[in-house]
Amino acid sequence: MFFVTGTDTEVGKTFISRTIMHIYEQKRKTCVGYKPVASGCVLTSSGLRNEDALCLQDASTINLTYDEVNPFPFQEAVAPHLAAQRAGREICLQGVADGYERLLKKQADLTIVEGAGGWRLPIGNKRFMSEFVKQYDIPVVLVVGVRLGCINHACMTAEIIKQDGLKIAGWVANHVDAEMPFLTENIKTLREHLDAPFLGEVPLVKSPKEAAAYLDITPLLQFDMVA
């Protein structure tokens, strides 16, 4: 199992999560996705639905209900703890943990947990989502959104993950800005400063199938074997 976090919001966490799941599926391995907290949901006849969570549900090789994938959906497209306050709900770490343990019982070869926003996501009551990751000692996959400022964001995120006592199983350089200046030089600097396995550099492609060609998940497979 891996927890996928990013250097910020809108850096491609879901896209990279789906890509990793696609690669596992191609290797005939089972996988499930978990997006415990999501804001910016759409109200449908079936209830609140989040696009990212639906993507993870669709990518899972084991049939999951939407509630199993996303137990804490919120309609307003704001920080989850604010969306929860406005909805009169509470995001409790025990609820996040309960959902995670239910998915572990599916005994999939891969359980991908996708965070929301960055590493220090507040969920209310002075708590952070990272506390859940620490509780279960889940190895982290860091998605670096390659754009101006990414070096600082990536180094700081990696530093605090390690300070929290967690291991970075690998990191991905995901292109999010077609006009990024000095792209090659920035990737080189990231590789020099991030002390974790480099899984690959994903250009601006449309599908996880296309993106899979740019990722080498060997470090993740090896990490699973060691774990």
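The values are calculated or read from the model by the stated rules, or taken from the named source; none is laboratory data. Predicted model, so just to flag it, every value in this text is computed and none were measured. Methodologically, a virtual Cβ is constructed for each residue, glycine included, from the backbone with ideal geometry; neighbour enumeration extends over all protein chains shown. What goes into the accessible areas is simple: the full protein's heavy atoms, side chains included, and nothing from ligands, DNA or RNA. Shrake-Rupley method; radii C 1.70, N 1.55, O 1.52, S 1.80 Å.
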Seminar exercise, completed: Quick calc, the stretch 87-218, dipole around Cα centre from Cβ unit charges on Lys, Arg (+) and Asp, Glu (-), nearest 20 debye, gives 360
For this session: Decide, for the stretch 18-103, between rounded, prolate and oblate: order the square roots of the alpha carbon gyration tensor eigenvalues as a ≥ b ≥ c, take rounded if a/c falls under 1.5, and otherwise choose prolate if a/b is larger than b/c, else oblate.
Result: prolate
Exercise. Carbon and sulfur atoms: what percent of the 1.4 Å accessible area of the stretch 165-223 do they account for?
Worked result: 52
Exercise. What does the charge dipole of the stretch 1-69 about its Cα centre add up to, to the nearest 20 debye, if the Cβ of each Lys and Arg holds +1 and the Cβ of each Asp and Glu holds -1?
Worked result: 300
Seminar exercise, completed: Farthest towards the positive end of the dipole of the stretch 129-217, among Cys150, Ile161, Ala213 and with Cβ unit charges of +1 on Lys and Arg and -1 on Asp and Glu, lies the Cα of Ala213
For this session: Would you be so kind as to identify which of Val11, Leu194, Gln85 lies farthest towards the positive end of the dipole of the chain, taking Lys and Arg as +1 and Asp and Glu as -1 on Cβ and the Cα centre as origin?
Result: Gln85
Exercise. How are the Cα pair distances of the stretch 58-197 distributed, in percent, across 5 Å bins from 0?
Worked result: 2, 8, 17, 17, 17, 17, 12, 7, 2, 0
Exercise. Loop-only check: which trypsin sites (Lys or Arg not before Pro) in the stretch 103-174 are DSSP coil with at most 16 other Cβ within 10 angstrom?
Worked result: Lys105, Lys106, Arg120, Lys126, Lys167
Problem set entry | Dipole axis of the chain (+1 Lys, Arg; -1 Asp, Glu on Cβ), positive-most option in Gly95, Val113, Pro139 | Gly95
Problem set entry | Å² of accessible area per residue within the stretch 124-227, as computed with a 1.4 Å probe and no ligands counted | 55
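In debye to the nearest 20, how big a dipole does the chain give about its Cα centre with +1 on each Lys and Arg Cβ and -1 on each Asp and Glu Cβ?
Computed charge dipole of the chain: roughly 340 debye.
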Seminar exercise, completed: Surpassing 20 Å at the alpha-carbon level, of the pairs Lys167/Lys209; Lys29/Lys209; Lys27/Lys209; Lys134/Lys209; Lys105/Lys167; Lys29/Lys105, are Lys167/Lys209; Lys134/Lys209; Lys105/Lys167
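Within the chain, which is the longest segment that contains none of the GluC sites (Glu not before Pro) sitting in a DSSP loop with at most 13 other Cβ atoms within 10 Å?
Here the longest run is 91-178.
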Exercise. When DSSP beta bridges are limited to those with both residues in the stretch 1-158, what percentage is antiparallel, rounded to the nearest 5?
Worked result: 25
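How large is the helix-only mean residue ellipticity at 222 nm for the chain, computed as the sum of -39500 (n - 2.57) over DSSP H runs with n ≥ 4, divided by its residue count, in deg cm²/dmol to the nearest 500?
My calculation for the chain gives -11500 deg cm²/dmol from helical runs alone.
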